[in-house]
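See below for the structure under consideration.
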Amino acid sequence: YGCIVERTVPFNLPTRCFSGTITATPTTATVCKGNAVQLSYTSGNLPAECNIVSYRWMRNNVTVATTTSNSFPAMLPGVYTVEIVSNTNCRYLSPNFITPIFTPLPSLTLSGPTTLCQGEDAYLSVTTNASLIEWTMNNVVIGTQDFISLPNLPLGFHTVSVKVTENGCEKTASQTFE
């Protein structure tokens, strides 16, 4: 019934180049909205012939950057992974992923006068969902309530600032009046 032909085809199997993971800074991968979670790929021990030529950073399996840097600033929610490419075009997808958490900033609405007549008191108030409130004037804390009264201000320009804090996230507003 037929013949069997055996052929040997040589091929080159490249050295296994990669092992490594993604880490986040901060390690909790939680920051206030508007800040970045810094992602970094840390490789295992690479053989000398393995050179990394690019990092393809992905969010929700869609490429967001192809770089020569082993770090990437994640500023949007999603699931982040990285694919590493070697000089021999071998590819390695990190076995882990990072899902950053972006804590919302507290709300802040500052109300108060922009002009005062001589002898008038200044009353300012803040509407916020924050649990901590700090009023300052000339870098000095002048109150911690949701309102502040400033009697007998001398003539001139005055700037009052309020900083509100919730879950470690801060927001600041200032009011200048004369």
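See the values below:
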| item | result |
| --- | --- |
| Strands (runs of 3 or more DSSP E) within the range 99-141 that include 1 or more residues at pLDDT below 95 | 108-111, 122-128, 132-137 |
| Residues satisfying the stated conditions in the range 28-40, i.e. in a loop (DSSP other than H, G, I, E, B) and closer than 10 Å to Ile98 by Cβ | Ala29 |
| Filter result for the condition that a residue is open to solvent by 30 Å² or more (accessible area, probe 1.4 Å), of a type outside the set (Lys, Arg) and under 18 Å from the mean Cα position of the chain (by Cα), over Thr27, Thr42 | Thr27 |
| Among residues of the range 125-163, those that are small (Gly, Ala, Ser), open to solvent by less than 30 Å² (accessible area, probe 1.4 Å) and touching a Phe, Trp or Tyr at 6+ places or on another chain (Cβ under 9 Å), counted | 2 |
| Some residue of the range 99-106 being out of contact with any Ser or Thr (no Cβ under 6 Å at 6 or more places or on another chain) and free of Cβ contacts under 8 Å to residues at least 24 places away in the same chain | no |
| Hits in the range 68-92 (condition: modelled with pLDDT of 90 or more, open to solvent by 20 Å² or more (accessible area, probe 1.4 Å) and of a type outside the set (Val, Ile, Thr)) | Ser69, Asn70, Ser71, Phe72, Pro73, Met75, Leu76, Pro77, Glu83 |
| First in the range 50-76 and at positive phi, second anywhere and among the β-branched types (Val, Ile, Thr), Cβ under 7 Å, 6 or more apart | Asn60/Val79 |
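The values are calculated or read from the model by the stated rules, or taken from the named source; none is laboratory data. No experiment lies behind these values; they were computed from the predicted model shown. Every residue, glycine among them, receives a Cβ derived from its backbone with ideal geometry; neighbour counts consider all protein chains shown. What goes into the accessible areas is simple: the full protein's heavy atoms, side chains included, and nothing from ligands, DNA or RNA. Shrake-Rupley method; radii C 1.70, N 1.55, O 1.52, S 1.80 Å.
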